[in-house]
Each structure stands twice: as C-alpha cells, then as structure tokens.
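Colleague: I'd like to ask some things about the structure below.
The values are calculated or read from the model by the stated rules, or taken from the named source; none is laboratory data. Note that the structure is predicted; figures quoted are calculated from it, not measured. When the accessible area is computed, the model is the full protein with side chains, heavy atoms only, and any ligands, DNA or RNA have been set aside. Shrake-Rupley method; radii C 1.70, N 1.55, O 1.52, S 1.80 Å.
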Amino acid sequence: MLKGTMSVDGAGHLVIGGCDAVELAHRYGTPLYVLDEHLVRQRAQDYREAFGKFVPGSQVLYAGKALLTTALCKIIAEEDLGLDVVSGGELYTALAAGFPSQRIYFHGNNKSHQELSMALDHRIGRIVIDSAWELEALQTLAASRGDIADILIRITPGVEPSTHSYIQTGQFDSKFGLPINAKDTLSTIVQASRMPNLRLRGLHCHIGSQIMGLEYFTKTVKIMVAFLAELRASAGLVLEELDLGGGLGITYLDQDEPPSPGDYAKAIGDAITTSCREHDLAVPRIAVEPGRSIVGEAGVTLYTVGAIKEVSGVRKYVAIDGGMADNPRVAIYGAKYTACLANKAAGEPIELVTIAGKCCESGDILIKDIMLPVVETGDILAVCSTGAYNYSMASNYNRLPRPAMVTVWHGESDIIVQRETYEDLIRLDRVPARLLENQPVLAGGQRGT
Ligand code: LLP
C-alpha cells in the first residue's frame, strides 16, 4: 500500500513526501489531492532511462489527460518528456506553463477548427490525425494559412487487451482511428503522404488503458510493423515514426502486479527489433504516451470522516466529505481502491466498513468492504493511487467545489490547484434580466409561475 515516499511515522501518521498527511489535511482542508512529486519524477526518469536503453532514439510523451495542471507541465518539461494533449484546453494549459511546443502531440477524434488552428499557430510537434475527414480538414486549413504541419495517422490495430471495455481503444469497432484492415485505410495514408501542406511522419495507435499484460503491447508492435512493411511493399511508402500510445497499468490494490516501465520498454524494444528484422525494415522512431503509470500511484486523496452509520447485520457505512465528484472512476468503471486512516496508519485493521461518498446517489460508494482500524468521525481517510483520472475527471456534481491539490516534496507542500469556492461555483452563472427582481416577466407585468 505504501508507494513512493510514503511511510508511517512514530505517531502512526501517514507521511508522504516528508509531510504528515494529517497536518496536510488540517492545513489545507479536505478533500485534498496530494501528489508525491518525487514519485512523479522518479517514474518519468524510469521511463526515460528504460526507453533510452531498450529502444534507442525513442521518445516518451506524458499523456496529460491523466492529470494536467500548469505546475505538472513544468515538472514534465523539466524531466525532459514530451506531452500528449487532447483538447484546446490541455494545449492551452501546456502553453501557459511554457511547455516547449515542439514536444507536444495533439490527439482527439474530433478536433475543432479552432483547436487545429491553435496547434498550427504554436507549431506543435505532431498532430495525430484520427480520420480521413480530419485529414482533409487539416490540409485545407494548413493550405489556407500557408502552413505545413507534421502529422501521424492513428490506426486501430485490432488488439483487444484485457481491461474495462470503456477503456479499450484498439478494436476495429472504435470511434478512434482508421481500422488497419479496412480497404480504404491504405489509400488514405498514401493520399496523406501526397498532401502538399502535411508532412506524414508516421503512424500512431493506442490499444487501451490499465493494461497488465505485456503481450498486448508486443502483439500491437508486430501488427503495426507488418502494416508498415505492407505500406512499403504496396505503395513504396516508408514511414519513419511509430507512436504506440500509452496504457501500462498500475497498482490499485495490493495484489495488482503491473510490469515496470523497464519491463515494458524491454518488451517493446525486443518486439520492434525482431519484427523489423523479419520484414527487413529499418527500425522506426518509437514514441510512447504513458499517463496513468507516471502520475497514478503518486496521488493520494485525503478525506475527513463524517457520519458513521451501521445498518444492523448488513454493513457499516463510513461517510467522507468527497466521493464521486472528485473520483468518478468507481461509479464509471467499477474501479477498486485501497485506503488507510492517515491518523491511525499503524493501527490493526479490525473492522469491516464501506466508504460512502457524499453525493446524492446510492452508487457513490468509494470502497465497498475494507478492513480498517476502528473508524471515528474526524479521522482522515487516505485513498491511494488517485493521481490519474481523478482530478482530471472531477466534476461539480451536487455543486461540490473541486478539491485543492498540493505537491509534497522533501517535507514541503505547495498548492498547485486551489480549492474552488462557492463563488467559483456561480461565477459563470447568469440570470436573465426577466428573472431579476422588479422585472416584469410577462406582458402586463405578471410574473410567470
Ligand atoms: N494516448 C492516448 C491516445 C490515449 O487515448 C490515452 C488514454 C493515453 C495515451 C494514456 O493512457 P494511460 O497510459 O494513462 O493508460 N478515464 C479512464 C482512462 C481513459 C484513458 C484514455 N486514453 C480511466 O479512468 O481509467
């Protein structure tokens, strides 16, 4: 359960990044997202080193959809990774943080005209084309501006990894990419290579997320390399880049055993060398886009325990001050998490409880059945592995302000996202004049009912 710099001190308190989690909760309030900066940097370095060693010349891009804030962009830039963005908002965040635009790749199955223009304005590294429709749209746009854009084309390789169906993306029946087996895919790629305002650099694919088996990645490499060989044979087209997407799983529960970035890099390196040799193809420049496996285990969410209710003979509900609004993954994917009491981290787990969120939904249960020391109101619950797809997917459901986020680093904590206030919640609300006091709503001055 203890990851990165996490430990338990003499007082039985959970410590992260040298900071007492109980003190963090009291100082910044709860719910609170805590990010172990050391672990984020460590993971980024593990990736860089492993890919540098096993896949020479490759590039590691952090997938910002997992978690993106301006401070995190700075950390990722300092660690020398590239960045995968998937919307104008993510691109804006990266640019606002001064992230080098040449190291940014832009994904998405429906980028708007405005988003594509923004990508061209800032001369980002690669635009990943998701459909024949987008190819035409970008060519037209780039030509109208006299720009030349570097592109990759996204392919669905027909690999279905074992993971939740909502986060499988490599199957043919997918809203993403061009199916590798479709008749017109090859001709679309050839057409792209001839477009005057686009420079086709290579192909992209991404098979899914939270994948524990390396065999799915190696199978994808084989399929994609065979396809590159087919492109060369049938159209004389040699593409120099192959972006394999992200997807490496992480530990949520103690029994989860994901491969390390080193295992992953080695598997990809071996598969690419073997496949390219088989097809007598020069090894393309590989890129990968890990998101979850860089930030996921570095995140811990702290909550304060409020109401405790026992349904006699059924279960004991322990309610916390957050839930599906700050972590929707349980409600959406049935995700499983583990937790501890930050103020009783050395205590024996002796009672079976269910952790309930505070949203108005019976489905807002964060953890069903977990053994904890005797839980009391005011205890601080620390839910582990919440760094990825929690803050980035958080909502204001029930008009709950989104929590703050702090980094912890060598005993220091810094706010990187401020807690939302009630004022923030109504900041964008507008009241039409006819609803304002003393404004007649209907002709004749009568108010509607
Ligand atoms: N590249 C592309 C094109 C992607 O679509 C994704 C994730 C990644 C990279 C990063 O994948 P990762 O290394 O983080 O697995 N909300 C879901 C996960 C959705 C993943 C979407 N795409 C969840 O909470 O499990």
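Colleague: Mind checking the angle between helix 37-54 and the chain's longest principal axis? C-alpha axes, 0 to 90 degrees, to the nearest 10.
Modeller: In the chain, helix 37-54 runs at an angle near 20 degrees to the longest axis.
Colleague: Okay, next question. Which of these, 25, 356, 11, has the largest mean-square fluctuation under a Gaussian network model of the chain (Cα springs below 10 Å)?
Modeller: 11
Colleague: Angle check, please: helix 261-278 long axis (alpha carbons) against the longest principal axis of the chain (alpha carbons), in degrees 0 to 90, nearest 10.
Modeller: Taking the Cα atoms of the chain, the angle to 261-278 is about 20 degrees.
Colleague: Share of the chain's accessible area from carbon and sulfur, percent, 1.4 Å?
Modeller: Exposed carbon and sulfur together represent 50 percent of the surface.
Colleague: For the chain, what proportion of DSSP beta bridges, expressed in % and rounded to the nearest 5, is antiparallel?
Modeller: Values: 32 of 68 bridges.
Restricted to the chain, the bridges split so that about 45 percent are antiparallel.
Colleague: Taking θ = phi - 60°, what integer Hz values does the Karplus form 6.51 cos²θ - 1.76 cosθ + 1.60 yield along region 361-373, in sequence order, with x for Gly and Pro?
Modeller: Here the 3J(HN,Hα) series is 8, 5, x, 7, 10, 7, 9, 8, 6, 9, 8, 9, x Hz.
Colleague: Compute the helix-to-body angle for 214-235: its Cα long axis versus the longest principal axis of the chain, expressed 0 to 90° and rounded to tens.
Modeller: It works out to around 30 degrees.
Colleague: Under a 10 Å cutoff between Cα atoms, tell me which one of 175, 183, 368 has the largest fluctuation in the Gaussian network model of the chain.
Modeller: Largest GNM mean-square fluctuation: 183.
Colleague: Residue 59's amide H: which non-local residues (gap 5+, or another chain) put their own amide H closer than 5 Å, with H modeled 1.01 Å from N in plane and none for Pro or chain starts?
Modeller: Sorted by chain and number, the residues that satisfy this are 286, 287, 288.
Colleague: Can you give me the solvent accessible area of residue 107 with a 1.4 Å probe, rounded to the nearest 10 Å²?
Modeller: Near enough 10 Å² of accessible area.
Colleague: Note down the accessible area of residue 172, probe 1.4 Å, to the nearest 10 Å².
Modeller: Residue 172 exposes around 90 Å² with every protein chain in place.
Colleague: Same structure, new question: Over the chain, give the accessible area per residue in Å² for a 1.4 Å probe, as an integer. Intermediate results must be reported in sequence, preceding the final value.
Modeller: Values: 19700 Å² over 449 residues.
Spelled out: the 1.4 Å probe surface of the chain, per residue, equals 44 Å².
Colleague: Would you check the accessible area of residue 239, probe 1.4 Å, heavy atoms only, in square angstrom rounded to 10?
Modeller: 20 Å²
Colleague: For region 37-295, taking Cα atoms only, what is the radius of gyration to one decimal and the Dmax to the nearest whole Å?
Modeller: 17.3, 55
Colleague: Average the reciprocal distances over every distinct pair of alpha-carbons in the chain, invert the result, and give the Kirkwood radius in Å.
Modeller: After inverting the pairwise mean of 1/r, the radius is 23.7 Å.
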